[in-house]
Structure formats: C-alpha cells, structure tokens
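Participant: What follows is a single structure, and I will ask about it in a moment.
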Amino acid sequence: MKSKSWLLPLILGSALSAIYFLPEVGAVAQSAVNMDLPGRSGIWTMEGQAPSKAEIGTLAPDTQFSKAMCLAARPGETNLDGQLVPDVLHLSIVLSGSDINNSIHRPERCMPAQGHNILSSTEPTLKLANGREFAARRLVSLQAVRDMANKEREEYVKHNCLTYYFFVGHDRVTNDHLSRTFIDIKDRLVRGMDQRWAYASVSMWYGKVPWIEAEVTEAEADAKLRKFLTEFAEKQINWDQITR
C-alpha cells in the first residue's frame with residue numbers, strides 16, 4: 001500500500017491542473033425572450049403585477065421579473081351589474097441573474113408553497129404559426145387559496161388549476177430543468193459560454209371559478225391557455241436566435 005501512496009496526490013494534481021485548460025468564460029449570452037410585456041396579446045389585456053415578497057426574498061438579487069394578470073371578456077356573459085365577465089390567466093417570466101443556480105428553478109419546487117397539490121405532469125408540443133414548435137410542460141394541480149370572504153376565520157377554498165411552463169435560453173428552448181442544467185455545463189466547457197435563462201409560465205383556474213356562473217371545463221381552459229401561449233411565444237421570443 002505504501003508504494004502507491006503517491007497515486008492519490010497525482011490524481012488530485014492532474015484534476016486541478018485541468019482547470020487551466022478549460023475555455024475562458026466570455027460575456028454572458030442573453031436569453032432570447034423579451035422581458036418587456038406588451039399591453040395586449042391577441043384578445044388579452046395585460047395588467048402588470050409586482051413579484052411577491054417571497055419571490056424577491058428567495059431568489060438572487062439580480063433576478064428580473066415580468067408578471068401580469070391577463071383578462072379577456074367572455075362573449076355574451078355579464079354579471080348582475082351588467083359588466084362583462086372575464087377569463088383570467090396569470091403570466092410570469094423570471095430571468096436568471098448572474099447566479100443562475102439561485103435565480104430560477106422547477107415550478108414544481110415552489111408551487112406547493114403557493115397552495116398547489118400537483119396531480120399530473122405531461123409534455124405537450126406547442127406549434128406556432130411561424131412553423132416553429134417546442135415542448136412545454138403541462139401541470140394539473142389543485143390550489144388551496146385563502147377565502148377572503150370570511151375574514152374572521154382562516155379558511156381555504158380549492159380550485160382546479162392548469163399551468164404551462166418552459167425555459168428560454170440564448171439559443172435553446174426546453175421544458176426540462178435537468179436538461180437545462182446539462183446544457184449549461186456543456187456550454188461552459190465546450191463553448192466557453194454562460195447563457196442567461198428565462199422561465200415562462202401561464203396558469204388558469206377551471207371548474208367552478210368564483211366570478212363565472214357556468215363551470216369552465218378543463219378542455220376550455222386548456223384551449224385558451226395553449227392559444228395564448230403560442231401567440232405570445234411567437235412574438236415574445238426571438239426565434240432567429242433559437243437554433244437548437
């Protein structure tokens with residue numbers, strides 16, 4: 001055993017010296033997503049929203065947020081006051097900062113803290129009018145939210161929820177956090193590049209929605225989310241930059 005005592009220091013020395021042969025990291029490659037949200041997207045009006053204190057407190061300080069509540073009138077439906085009844089979906093884009101490990105993560109990691117019990121996950125392909133397509137991740141969940149109608153007691157009501165999400169890098173779109181991590185490692189080692197990633201998600205309740213008289217079917221909510229997402233992604237992502 002003594003004759004091989006030199007082996008471990010040799011291995012460690014070789015591994016450490018290999019660092020000097022890795023390519024130098026150049027400027028950070030920016031995500032292909034546009035963080036400036038428009039006032040409208042198709043039939044949807046966007047009302048900008050600030051990130052929550054929890055989001056700001058748990059993610060890196062230089063993380064950027066673009067969030068909006070999006071509304072579209074349901075044709076022919078009015079409430080007792082004669083006002084149009086809207087569909088509502090929530091849009092969120094989170095852009096990583098310099099510390100990509102502490103800027104964005106899988107939504108499945110933080111959704112339980114927002115009251116979601118995730119029931120299923122699938123990977124549908126979304127096709128855009130410009131001929132491009134990409135795989136998103138579709139989550140079905142049951143979300144418990146505080147019943148604000150009863151302020152005396154802390155009670156919660158549950159709503160069915162659909163969520164679509166995906167990640168947009170400098171020249172890639174993926175729906176898988178692990179794949180995104182491997183892409184980062186490969187790009188750093190082979191291309192000498194750190195790319196900035198954005199995580200985009202949209203969500204909508206279905207079933208018995210409080211402000212809508214008739215129940216919203218899962219199929220109806222799904223169709224509206226997919227239409228919004230394909231139209232939004234086509235305009236908000238620089239597809240000339242997406243090569244893989």
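Each reported figure results from applying straightforward, stated rules to the coordinates on display, with no laboratory input. Only a predicted model underlies this, so the values are computations on that prediction, with no experimental measurement involved. Heads up, the Cβs are rebuilt from the backbone with ideal geometry, glycines too, and the neighbour counts pull from every protein chain shown.
Participant: Find how much the distance from Val28 to Arg188 grows on full extension, using 0.36 nm per residue of separation minus their present alpha carbon separation; answer in nm with one decimal.
Facilitator: Stretched fully, the Val28-Arg188 segment lengthens by 56.5 nm.
Participant: Okay, moving on. With an 8 Å cut-off on Cα pairs and a minimum separation of 6 or more residues, tell me the relative contact order of segment 154-244 in percent.
Facilitator: Reported as a whole number, the value is 34 percent.
Participant: Taking the inverse of the average 1/r across all pairs of different Cα atoms in segment 96-147, what Kirkwood radius in Å do you get? Mind showing how you got there, number by number?
Facilitator: Details: mean 1/r = 0.0742 Å⁻¹.
Roughly 13.5 Å, rounded to one decimal.
Participant: Also, I was wondering about something else. Rounded, prolate or oblate: which one fits segment 158-244, using the alpha carbon gyration tensor with axes a ≥ b ≥ c (rounded when a/c is under 1.5, else prolate when a/b beats b/c, else oblate)?
Facilitator: Prolate, because a/c is 1.5 or more and a/b exceeds b/c.
Participant: Could you calculate the contour length gain from Arg146 to Gln114, that is, 0.36 nm times the residue separation minus the distance between their Cα atoms, to one decimal place in nm? Mind showing how you got there, number by number?
Facilitator: Values: separation 32, 0.36 × 32 = 11.52 nm, distance 1.06 nm.
Here the segment from Arg146 to Gln114 would lengthen by 10.5 nm.
Participant: What's the extension gain from Glu77 to Leu128 if we count 0.36 nm per residue and subtract their Cα-Cα distance? Don't jump to the answer; show the numbers that get you there.
Facilitator: On the way: separation 51, 0.36 × 51 = 18.36 nm, distance 2.96 nm.
Length gained between Glu77 and Leu128: 15.4 nm.
Participant: If you don't mind, there's one more thing I want to ask. Taking the Cα centre of segment 39-80 as origin, sum charge times position over the Cβ atoms of Lys and Arg (+1) and Asp and Glu (-1), and report the length of that vector in debye to the nearest 20.
Facilitator: Working: 4 positive and 4 negative charges, 16 e Å.
Computed charge dipole of segment 39-80: roughly 80 debye.
Participant: How would segment 48-163 be classified by its alpha-carbon gyration tensor: rounded, prolate or oblate, with rounded meaning a/c under 1.5 and the a/b versus b/c comparison settling the rest?
Facilitator: Here segment 48-163 falls in the oblate category.
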